[in-house]
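Q: This structure is in structure tokens; I'll ask about it shortly.
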Amino acid sequence: MNISIIGTGYVGLVTGALFAEKGHNVLCIENNKKKLEKLQKREVPFYEPGLQELVTKNTQRLKFSEKISEGVKHAQAIFVAVGTPALATGEPDMTYIEHVATEIAHNLKDYRLIIEKSTVPVHTSEKIHAIMKRFSPPDVHFEVASNPEFLREGQALEDAFNPDRIVLGVPSTKAQKILTDVYKDFDAPFIITNVNSAEIIKHAANSFLAMKISYINAVANICELSNANIKEVAEGIGLDKRIGKHFLNAGVGYGGSCFPKDVDAFVNISRDLGYDFKLLEEVQNINRDQKKRLVKKIKKHLWVIKNKVIAIWGLSFKPNTDDMREAPALDIIKELKRSQAKIQIFDPKAIQKAREILELPADESHTAALKETLMEVELYDNQYKATENADCLIILTEWDEFKTLNFEVLKQKMNQHIIIDGRNIYNSQELEKQGFIYESVGR
Ligand code: UGA
């Protein structure tokens, strides 16, 4: 089939590469010139394991263009995967979706199925439909469907090739046929719903997962107060199939471009619909507190933070990605900077990205806040160099390379032997035996 995808962020580019690998002819539309140039040279602009190889391999079936008009011409099925970042109000910014809908409408000549791939509030399809009706020729038929994406960064290809389910929110049997043809080579259950249900499924799924993390973090806090061990507790509850063992890792809280934004959006959507989703507000409170608790642990051991050297391992919001959006590390860095600590950071992938962000011009407003947070912190390319003269080492991302420690090097480099582990990756007894003061989460 011919397929067009508008937007080449994580979701758009992974989906494009996936469909091309499955044999479809895919045209991806990207309006950012710098990004487009890179993609046309087959350079993936962010780090995602295996994606570069897939994009290079599928040169024939995966093409890129700047023009939405070409996307509209290329295919009957047009996936919209542009960003819906959070506004200061907590609502998602629908500017890009509106722009794309209007552009598609202006270029419509025959029937097209517009498929929402971005995470959008319920009723977005109706809004897209209304705006397209206003700007398209009166005799041209089109429909809007929803096909939410559930892939995780860092394991996007694995998730995209082996989804737990494929949700198709469709307005008609014609739309259903087009979408089931797109996915005919996938071995996964199809959930066919109306469009509103599909839109809700995405927000409900992400909010549920965020709730699971905040729940286990709250239980971890109880474990700290009662001398219990959260790893044992998580195992004890997770083996109950109704609860499930995944997403029960206590830590410094969830981050990323999805959970914080989507929980916020779902609270707002619910409020607009007349329902006060207090449960999710508490999920957000627990997540905020989790980062403050980690800073308190540092203060407990160091007493005075001013002028102390704090080494941080882990800047990305999770391992296997260079994405720092809403990473717990950023809030912790801000807090430590307020207390005038000297901060030295290492991350296997995000350091490079952090340097690029620091070099961006001041008017790149979408990175301005991130840039400010990263200013006046030392960025290191070597894990152990970042611990030079450190009074405390904190672990904020569970990268594999952090999991085994060279105790001799650490002891020789660090000024005080204190480790605060926000991801529970070390064995407490072993670290204490090695002479470290060690604190983790819920143990
Ligand atoms: C999340 C969802 O898991 C995907 O299904 C969804 O498609 C995606 O959002 C999206 O909406 O695009 P992602 O944000 O890439 O995926 O990452 P996750 O693996 O879900 O992790 C999110 C955060 O939760 C990370 O900061 C991670 O460290 C934290 N987490 C996760 C925990 O603290 N504990 C856990 O047990 C699991």
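The values are calculated or read from the model by the stated rules, or taken from the named source; none is laboratory data. Bear in mind that the values here come from a model prediction, so they are computed numbers and not experimental data. Every residue, glycine as well, gets a Cβ built from its backbone with ideal geometry; the counts of neighbours run over all protein chains shown. Heads up: the accessible areas ignore ligands, DNA and RNA and are worked out on the full protein's heavy atoms, side chains in. Shrake-Rupley method; radii C 1.70, N 1.55, O 1.52, S 1.80 Å.
Q: Across the range 233-246, in residue order, what do the Karplus-derived ³J(HN,Hα) couplings come to in whole Hz, using 6.51 cos²θ - 1.76 cosθ + 1.60 with θ = phi - 60° and x for Gly and Pro?
A: Calculated HN-Hα couplings, in order: 5, 4, 5, x, 8, x, 6, 6, 4, 5, 8, x, 8, 7 Hz.
Q: For Lys371, what accessible area in Å² do you get when you roll a 1.4 Å probe over the heavy atoms of the protein chains, rounding to the nearest 10?
A: 40
Q: Which far-off residues, 5 or more places away or on another chain, put their amide H under 5 Å from the one on Arg152, with H placed in the peptide plane?
A: Residues meeting the amide H criterion: Asp159.
Q: A further question follows. Please compute the per residue accessible area over the range 1-156 with all protein chains in place, 1.4 Å probe, rounded to a whole number of Å².
A: 43
Q: Something else now. Do you know the relative contact order of the range 205-439, to the nearest whole percent, from alpha carbon pairs under 8 angstrom that are 6+ apart?
A: It comes to 18 percent, rounded to a whole number.
Q: So, in Å, what gap is there between the alpha-carbon centers of the range 38-59 and the range 241-268?
A: 29
Q: Can you classify the range 2-193 as rounded, prolate or oblate using the Cα gyration tensor, where a ≥ b ≥ c are the square roots of its eigenvalues, rounded means a/c under 1.5, and otherwise it's prolate if a/b beats b/c and oblate if not?
A: The shape class here is rounded.
Q: Could you compute Rg(Cα) / (2.2 N^0.38 Å) for the range 205-439, with N its residue count?
A: Normalised by 2.2 N^0.38 Å, the Cα Rg of the range 205-439 equals 1.04.
Q: Mind checking which of Asn217, Asn229, Phe79 is farthest towards the positive end of the chain's charge dipole, using Cβ charges of +1 (Lys, Arg) and -1 (Asp, Glu) about the Cα centre?
A: Final value for the positive-end residue is Asn229.
Q: Continuing with this model, one more query. Calculate the length of the line joining the C-alpha centroid of the range 422-443 to that of the range 365-392, in whole Å.
A: One Cα centre to the other: 23 Å.
Q: Sticking with this structure for a sec: May I ask you to evaluate 6.51 cos²θ - 1.76 cosθ + 1.60, the Karplus curve with θ = phi - 60°, for each residue of the range 150-157 and list the ³J(HN,Hα) values in order in whole Hz, giving x for glycine and proline?
A: Using θ = phi - 60°, the values come out as 10, 6, 9, 4, x, 9, 4, 5 Hz.
Q: Quick check: the angle from helix 278-302's long axis to the longest principal axis of the chain, C-alpha only, nearest 10 degrees?
A: Between the helix axis and the principal axis of the chain, the angle is about 30 degrees.
Q: Next question. Near Lys109, which aspartates and glutamates are there with a Cα under 17 Å away, not counting those fewer than 8 places off in the same chain?
A: Glu70, Asp139, Glu143
Q: A follow-up question, please. For the range 205-439, what does the accessible surface come to per residue with a 1.4 Å probe? Please give it in Å².
A: 50
Q: Give me the distance between the Cα centres of the range 107-148 and the range 325-364, rounded to whole Å.
A: So the separation of the two Cα centres works out to 39 Å.
Q: Taking loop as defined by DSSP and a crowding limit of 13 other beta carbons within 10 Å, which GluC sites (Glu not before Pro) in the range 349-443 fit?
A: Filter output for the range 349-443: Glu364, Glu376.
Q: Determine the calculated [θ] at 222 nm for the chain from helices alone, applying -39500 (n - 2.57) to every DSSP H run no shorter than 4 residues and normalising by the residue count; nearest 500 deg cm²/dmol.
A: -14000 deg cm²/dmol
Q: Treating only the Cβ atoms of Lys and Arg (+1) and Asp and Glu (-1) as charged, compute the dipole magnitude of the chain about its Cα centre; round to the nearest 20 debye.
A: 300
Q: Quick one: helix 350-359 against the long Cα principal axis of the chain, what's the angle to the nearest 10°, folded into 0 to 90?
A: It is inclined by approximately 70 degrees.
Q: So how do Lys57, Lys63, Lys318 rank on accessible area, 1.4 Å probe, biggest first, that is with the largest at the start?
A: So, going from the largest accessible area down, we get Lys57, Lys63, Lys318.
Q: Please turn the phi angles of the range 386-392 into ³J(HN,Hα) values with the Karplus equation 6.51 cos²θ - 1.76 cosθ + 1.60 (θ = phi - 60°), one per residue in order, whole Hz, x for glycine and proline.
A: Per-residue couplings from phi come out as 5, 9, 4, 6, 6, 8, 7 Hz.
Q: What is the antiparallel percent of DSSP beta bridges lying wholly in the chain, to the nearest 5?
A: The answer is about 5 percent antiparallel.
Q: Given a 1.4 angstrom probe, I'd like the percentage of the accessible area of the chain that is carbon and sulfur, rounded to a whole number.
A: Ligands and nucleic acids excluded, carbon and sulfur reach 50 percent.
Q: Amide H to amide H, which residues 5 or more places from Ile394 or on other chains are under 5 Å from it, using H placed in the peptide plane?
A: So Ile394 has HN proximity to Ala311, Ile312, Trp313, Ile420.
Q: Nearest 10 degrees is fine. How inclined is helix 173-182 to the longest principal axis of the chain, computing both from alpha carbons?
A: 50
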